[in-house]
Amino acid sequence: MWRIEGHFWEAVYYFRGLREGFRFHNRPEKAKTCPEMTAPITESPGTAKTLELAPAATRLTSLDAYRGFVMFLMMAEALNLCRVAAARPDNPIWQFLCHHQSHVEWVGCSLHDLIQPSFSFLVGVALPFSIASRSARGQSRAHMILHALWRGLALILLGVFLRSTSRPQTYWTFEDTLSQIGLGYGFLFLLGFRPRREQWMAFGLILAAYWAAFALYPWPGAEFNYAQVGVPPNWPHLSTGFASHWNKNSNFAWGFDTWFLNLFPREKPFLFNGGGYATLSFIPTLGTMILGLIAGGILRSERPPRAKVKWLIVSGMIGLAAGWAAGRLGICPVVKRIWTPSWVLFSGGWCLLLLAGFYGVIDLWGRKRWAFPLVVIGMNSIAAYCMAHLFDDFIFKNLRTHLGANTFRVFGSAYEPLIHGALVLLVMWLLLFWMYRRKIFLRI
């Protein structure tokens, strides 16, 4: 117990700015324990890039902070902001917070909807650094590719495991974030060795082919029974005409899953996914990861830091405008749940802008200390992901058991879910902080 208490006060001292030792970004040993972020890419006179076998450089704190911010948003579901909003329906601030802690029903975007694309995007951003670091350690390309394939398989199975925890048998479904990343990771890794021009070509080909697959799939006619696929006939988000190619549980990806998922043992035949999510979304998710791969190449290049920030901002604005225009003009609606090509562009624009913000503030201007709580989470993102799915309910129940329900009503019953959830979030962060202090990082 004295160890836990001691680490708690260490955290307090950090936030007071009294502990010089918590300036983790100045520790020389960090380059040894976290060697993924390395030297810049140099460009040959042609289009191909070569990875210099230079000594490992300091890890980019901005990537860990951005990843930590994304995982914090996911873990912060414990705050139950929508329950507070339900108790305070007259308060627009709580309604706003509830909206951005929830997924939109179909078309559109909230802050919560940016969690999965950001996590996928950052997988791509980190890849050029990882390849260069492992090349510098003498690993062969064949060895790295085999490891990438194994990592992809492990992510797929971990996603299936997390989706099966409350089921009577293995629940074979592949819409989990980790499974989606794993299904495309091998392709992403191979693209990591290719020149940037080919990466852009792959990105464009994926978006065009995925759009065409939906556009050519027969749209649901007037006789289509939406009730049989879990969609009320009067659901306000159903489209007509060309846009109906992307309607919920009546599109190309849904048709694929009604065949593919029934190849696995199931409690009952698969007919539809309640949220409209689909296995084939891993294909445009790969597009999101490729966009991150390109951005990571920019960060490793020899461009001046301000030029890198400018590239990220301009590219982000272009992505936002292109995605919005595609939806507005009826080319393709912006739908996260089936990861439409317009969603790849729109969410990718936000990812680029967020990366520009974190990189500019932390690595360009050197404002790092504020990001320490996020870095603790970001450096152990797999552990944070598993905690949010497996431990939150356990922590929630034990806090109620040992502290009593009245403890959380200090500001009234309306804010009980918020106080209770904040303590759950604090416990999860302290667990990650304990792992950080002992350099325990879950890796696949």
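From Val375, Val361, grab the single residue that is touching a residue at least 40 places away in the same chain (Cβ under 8 Å) and open to solvent by less than 10 Å² (accessible area, probe 1.4 Å).
Of the residues listed, the single one that is touching a residue at least 40 places away in the same chain (Cβ under 8 Å) and open to solvent by less than 10 Å² (accessible area, probe 1.4 Å) is Val375.
Name the pairs whose Cβ atoms lie under 8 Å apart, with the first residue in the stretch 50-73 and modelled with pLDDT of 50 or more, the second of a type in the set (Lys, Arg) and assigned to a loop (DSSP other than H, G, I, E, B), and 6 or more positions between them or separate chains?
Filtered contacts from the stretch 50-73: Thr61/Lys368.
Hey, can you tell me all the residues within the stretch 214-234 that are out of contact with any His (no Cβ under 8 Å at 6 or more places or on another chain) and surrounded by 14 or more Cβ atoms within 10 Å (Cβ to Cβ)?
If the condition is that a residue be out of contact with any His (no Cβ under 8 Å at 6 or more places or on another chain) and surrounded by 14 or more Cβ atoms within 10 Å (Cβ to Cβ), then Pro220, Phe224, Tyr226, Val229, Gly230, Val231 are the ones that fit.
Which pairs have Cβ atoms under 8 Å, sit 6 or more apart or on different chains, and link a residue in the stretch 301-318 that is at pLDDT 95 or above to one that is surrounded by 14 or more Cβ atoms within 10 Å (Cβ to Cβ) and of a type in the set (Phe, Trp, Tyr)?
Listed pairs, sorted by first residue: Lys308/Tyr359; Val309/Tyr359; Leu312/Tyr359; Gly316/Trp350.
Report yes if some residue within the stretch 263-279 is part of a helix (DSSP H, G or I) and under 23 Å from the mean Cα position of the chain (by Cα); otherwise report no.
Taking every residue of the stretch 263-279 in turn, at least one turns out to be part of a helix (DSSP H, G or I) and under 23 Å from the mean Cα position of the chain (by Cα).
If we keep just the residues of the stretch 179-209 that are of a type in the set (Lys, Arg) and assigned to a helix (DSSP H, G or I), which is most open to solvent (accessible area, probe 1.4 Å)?
In this case the residue turns out to be Arg197.
Yes or no, residue by residue, for (1) within 18 Å of Lys336 (Cα to Cα); (2) at pLDDT 95 or above:
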residue: Ile206; (1), (2): yes, yes
residue: Ala213; (1), (2): yes, yes
residue: Ala227; (1), (2): no, no
residue: Asn234; (1), (2): no, no
residue: His237; (1), (2): yes, no
residue: Ala243; (1), (2): yes, no
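Determine whether the stretch 200-209 contains at least one residue that is without any contact (Cβ under 8 Å) to a residue 12 or more places away in the chain and either polar (S, T, N, Q) or farther than 14 Å from Thr285 by Cα (or both).
Yes, the stretch 200-209 contains a residue that is without any contact (Cβ under 8 Å) to a residue 12 or more places away in the chain and either polar (S, T, N, Q) or farther than 14 Å from Thr285 by Cα (or both).
Of the residues that sit in the stretch 132-174 and are touching a His at 6+ places or on another chain (Cβ under 9 Å) and in contact (Cβ under 8 Å) with a residue 60 or more places away in the chain, which one is most open to solvent (accessible area, probe 1.4 Å)?
Thr165
Among Cys332, Cys351, which is the only one that is farther than 18 Å from Val70 by Cβ, open to solvent by less than 50 Å² (accessible area, probe 1.4 Å) and of a type outside the set (Ser, Thr, Tyr)?
Cys332
Taking the stretch 203-242 on its own, how many of its residues are farther than 19 Å from Gly255 by Cα and of a type in the set (Asp, Glu)?
Residues that pass the stated criteria total 0.
Being touching a residue at least 12 places away in the same chain (Cβ under 8 Å), open to solvent by 50 Å² or more (accessible area, probe 1.4 Å), in a helix (DSSP H, G or I) and among the hydrophobic types (A, V, I, L, M, F, W, C) narrows it down to one of Leu431, Leu442, so name that one.
Criteria check complete, one pass: Leu431.
From Ile419, Ile382, which residue is over 24 Å from the mean Cα position of the chain (by Cα) and open to solvent by 20 Å² or more (accessible area, probe 1.4 Å)?
Ile419 is the lone residue from the list that is over 24 Å from the mean Cα position of the chain (by Cα) and open to solvent by 20 Å² or more (accessible area, probe 1.4 Å).
Kindly indicate which of Trp324, Trp339 is touching a helix residue (DSSP H, G or I) at 6+ places or on another chain (Cβ under 7 Å), closer than 30 Å to Trp219 by Cα, aromatic (Phe, Trp, Tyr) and open to solvent by 10 Å² or more (accessible area, probe 1.4 Å).
It is Trp324.
For Arg409, all conditions in the list (1) more than 16 Å from Ala85 (Cβ to Cβ); (2) out of contact with any Phe, Trp or Tyr (no Cβ under 9 Å at 6 or more places or on another chain); (3) not aromatic (Phe, Trp, Tyr) hold save one; what is the number of the exception?
(2)
The values are calculated or read from the model by the stated rules, or taken from the named source; none is laboratory data. All of these numbers come straight from a predicted model, not from anything done at the bench. Positions of Cβ are generated from backbone atoms using ideal geometry, with glycine treated the same way; all protein chains shown enter the neighbour counts. With ligands, DNA and RNA removed, areas are computed over all heavy atoms of the protein, side chains included. Shrake-Rupley method; radii C 1.70, N 1.55, O 1.52, S 1.80 Å.
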